[in-house]
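The values are calculated or read from the model by the stated rules, or taken from the named source; none is laboratory data. None of the values given here were measured: they were computed from a predicted structure. Please note: Cβ atoms are built from the backbone with ideal geometry, for glycine as well, and neighbour counts cover all protein chains shown.
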Amino acid sequence: MCGIVGYIGNKNTKEILLEGLKELEYRGYDSAGIAVLQNGTFSNYKAVGKLVNLEEKTKDFTTKDFAVGIGHTRWATHGKPTELNAHPHLGESSYVVHNGIIENYAELKKELTQKGVVFLSQTDTEVIVHQFEKNLKTPLEPFEAFAKTIGELQGAYAILLVTKSQPETIYFAKHGSPMIVGINAENEKYFASSDTPLIGQCSDVHYFEDGDYGYVTPKEIAIFDKSGIKKQPLFKKLSTNKLSAQKEGYRFFMEKEIYEQSVVLADTLMGRISDKEIRFDELPHDLFEGVQEIKLCACGTSYHAALTASYLFERHAKIKTSVEIASEFRYREPIMSKDTLFVVISQSGETADTLETLKMAKEAGLKTLVICNVDNSSMVRLADAAILTRAGIEKGVASTKAFATQVAVFWMLSLYVAGERKSLPKEEIERQITLLREVPATVKVDDATHEQLKRLSKRYLHGHGFFFIGRDVFYPLALEGALKLKEISYLHAEGYPSGEMKHGPIALADPELFTIALLPQHMLYEKAKSNVEELSARDSTICAVSAVAFDKADDFIPIGVCKDYMLEFFEMMVVLQLLALEISIRLGNDVDMPRNLAKSVTVE
Ligand code: AGP
């Protein structure tokens, strides 16, 4: 999704902006641009596609001494990914970059057009700069004109604006999209839409709140809240550990992230399991007191982790649990009762729909918890309590290690609540704790399996679709396997509960329909097997994943013999991730940045 950087200082502004944008690349984008104001003159460059195209365009452009600059990676919402639609957008003498959506842009555009303003792009963003320049002419001082403009916008935004009428200033506003300002000992000021571009450049950062706007100059950071009251920045130390993931010999970040799962899962468990109990020291001790129901809300892969969690919470903690897709929950006027713990799950902590449901739950007075991979993200700052998944930076757009750590956290949390409520015998909690300790070893990629999947992948490049099927927690895993394949191979894949086949989907069965069947030895094996046999009898091509040999399968991917279905879950998860990876590589796709997708979906 879109990314923003900004800089005021004496260093090489062009390089700083481009380096910052590179750190945001993993979020997904389809065009990029920068605007630099130096000695009263603007230089503006835009390019469609990857950042190398922008680098190529700016190769003869140099900046030295004092300058202000803004940069942007765009993920198209209004208007196609073209150079004209790429940010920064120009007015007469100002440039703007924007993340989010201006909902009333059509009305503003109409009024501006009637006044003779000519629009160059199809974006919602362009209205911001024209509206600002209209207000500037009324006449208002630049900051007053900016404040007035912000007051006229509806929707979600993180905005940076630079103007010739105040050439040493960057104006900013934040509402619903993340934005940070950073400082360092050299008196430089940086902006970014997430921490990553600032690590190594800034010592301290301030996270803007929704409704904040203001300006930054070499001497001052002026922040105003939504009522126009000036407030002091609240600086926090920024981590110096760049963790800037390099591929380390792997072909793609996704592959590296699949292989890293063993290490990050060990980190996720660290300090949270002892022989007899699960500990979450970060949780308020009374978080589950009086809670009669858990509601889980998320999108995409995080939703699949939530769905898995719903089985575990009911099975272990004996607590009523429901799961919601955030984009649906937002608008269906849900009933929220105060004895519900509202849990949002998000790798990024910035997904617009999920964030909005968290706000709704807070407004309704529910206790809230976030399971998240990014500390200081919007959701972590907003929720009453947070559990960090400790997966490290995930660069591949297709989530792998984040999902693994989410499920591990949920497994632990279900046992933690079971311990509090005494809903499972102590011995059972202790047994499951021993199993949890085995998870890091279980997800280690087995070389032979990876080799087999590399070879097998060539048989699955055509056909009219894939069914991924499983029962119980293997149903959300099937959904996740299908999503992984869809995201990076662009092949049609659906996940189903195995028992649903005969209620309709089996009509599609023929040799060109590939069924990836999850057959765990320790969860409803016989029942799942009969469902697969029904598909096999109708000539669907079957690829079975199991510890138990299965003679009806056309292809068989063996997993190790495990003691419990949850360990089988984690082993099968790795198989499905590698299968999607290898099919995508064979098809020649960009595994880490698949078409049309963004890492962090900060618009609804
Ligand atoms: C997963 O591979 C995705 N690309 C996507 O479904 C993602 O899980 C979803 O957009 C939610 O993101 P979040 O976890 O950052 O909230």
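Brief remarks follow.
- Whenever a residue of segment 300-329 is within 15 Å of A478 (Cβ to Cβ), its partners that are charged (D, E, K, R) and within 16 Å of the ligand (Cβ to nearest atom), lying with C-beta atoms within less than 7 angstrom and at least six residues away or across chains, give the pairs T301/E480; H304/E480.
- Yes/no for S423 being part of a loop (DSSP other than H, G, I, E, B) and within 17 Å of A309 (Cα to Cα): yes
- Considering segment 582-600, and only residues there that are within 12 Å of the ligand (Cβ to nearest atom) and of a type in the set (G, A, S), the residue that is modelled with the lowest pLDDT turns out to be S600.
- Failed condition for V380, given (1) touching an Asp or Glu at 6+ places or on another chain (Cβ under 7 Å); (2) of a type in the set (A, V, I, L, M, F, W, C); (3) at pLDDT below 95; (4) part of a helix (DSSP H, G or I): (1)
- Scanning segment 255-277 for residues that are buried (at least 24 other Cβ atoms within 10 Å of the Cβ) and away from the ligand (no atom under 16 Å from the Cβ) returns a single hit, L265.
- For segment 322-367, residues that are near the ligand (Cβ under 10 Å from one of its atoms), on the phi < 0 side of the Ramachandran plot and in a loop (DSSP other than H, G, I, E, B) total 4.
- Hey, D551 of a type in the set (D, E), more than 16 Å from the ligand (Cβ to nearest atom) and assigned to a loop (DSSP other than H, G, I, E, B) or not: yes
- For segment 278-292, filtered to residues that are touching a residue at least 12 places away in the same chain (Cβ under 8 Å) and exposed (fewer than 15 other Cβ atoms within 10 Å of the Cβ), the residue that is nearest to V407 (Cα to Cα) is R279.
- Helices (runs of 4 or more DSSP H) completely within segment 98-199 that count 1 or more residues being at pLDDT below 95: 105-114
- Out of E512, E494, E500, E534, one residue alone is surrounded by fewer than 18 Cβ atoms within 10 Å (Cβ to Cβ) and in contact with a His (Cβ under 7 Å, 6 or more places away or on another chain). It is E512.
- Among the candidates Q261, Q246, residue that is at pLDDT 90 or above and either in the same structural domain as F146 (by TED's automatic domain parsing) or under 28 Å from the mean Cα position of the chain (by Cα) (or both): Q261
- Cross-chain or 6+ apart pairs with Cβ under 9 Å, segment 374-393 first and in the same structural domain as L269 (by TED's automatic domain parsing) and over 18 Å from K236 (Cα atoms), then small (G, A, S) and surrounded by fewer than 18 Cβ atoms within 10 Å (Cβ to Cβ): G392/A245; I393/S244; I393/A245
- Number of the exception - I319 against (1) of a type in the set (A, V, I, L, M); (2) closer than 27 Å to I429 by Cβ; (3) within 13 Å of the ligand (Cβ to nearest atom); (4) surrounded by fewer than 22 Cβ atoms within 10 Å (Cβ to Cβ): (3)
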